[in-house]
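Okay, structure first, notes after.
Bear in mind that the values in this text are calculations on the coordinates, not laboratory data. All figures in this text were calculated on a predicted structure; none of them were measured in a lab. No Cβ is skipped: glycine too gets one built from the backbone with ideal geometry, and neighbour counts run over all protein chains shown.
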Amino acid sequence: MTLWLTLAVNSIAFGGLLFLLSAGFSLIFGLMRIPNLMHGSFFMLGAYFGVTLLDKTRMNFWLAALISGAAMAVIGALIVYRVTRPPTARERVERVIPRGVMKDLRRARQTLELGLRRQVPPMRLYVGDKQLGEEKPSSQWERIAVNVARTAATAAASAVVARLVDQIKPGKASAEKTS
């Protein structure tokens, strides 16, 4: 009879532990949208740390609880910052491509770009004996004329691009053909 009573009490205690674990998990996942089971581990480590403080230093229970709680808060903050924060773009690339390979790819890209730059001479446009764009507009009216020409060229280019994009859109093209 005592065996069955012991089994029943242990089963109820284990069921309560599983309930607490699942309730904590659903609460954490519901709030943060991250499956995170580290909180229970930190509580357990804090309890062990507090018991160790009580056993080795014979300090007050509440002081040991306060010190262990503060220590676990600091350790937890460091781990959460390092492990669960969103990785930077560089860290995401380093997870997929090792640093050595990335360094080799970067060096190869720089060598290729440098080789291409050496092969292609800079474009120079000469009018008469001066390079175009070398001499700045001398009067205010010339500056205004240059700015008006730039604005008109930009507006014309954006109108052409907008018209091309409208022609490329699949929904508009098929709707115009049917009507």
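Label-to-label distance for Arg117 and Leu63 is 6.6 nm, based on points extended 7 Å past Cα in the beta-carbon direction.
Distance between the pseudo-spin-label points of Ile144 and Ser26 (7 Å out from Cα toward the beta carbon): 7.4 nm. So if we plug the beta-carbon distance of Arg106 and Ile168 into 1/(1 + (r/R0)^6) with R0 = 41 Å, what FRET efficiency do we get, rounded to 0.05? After rounding to 0.05, the efficiency reads 0.70.
Other residues with beta-carbon under 15 Å from the beta-carbon of Arg99 carry, at +1 per Lys or Arg and -1 per Asp or Glu, a net charge of +3.
Each label was represented as a point 7 Å from its Cα along the Cα-to-Cβ direction; for Thr2 and Val93 these points are 6.9 nm apart.
Segment Ala159..Leu78, full-extension length gain: 23.8 nm, with 0.36 nm per residue of separation and the alpha-carbon distance subtracted.
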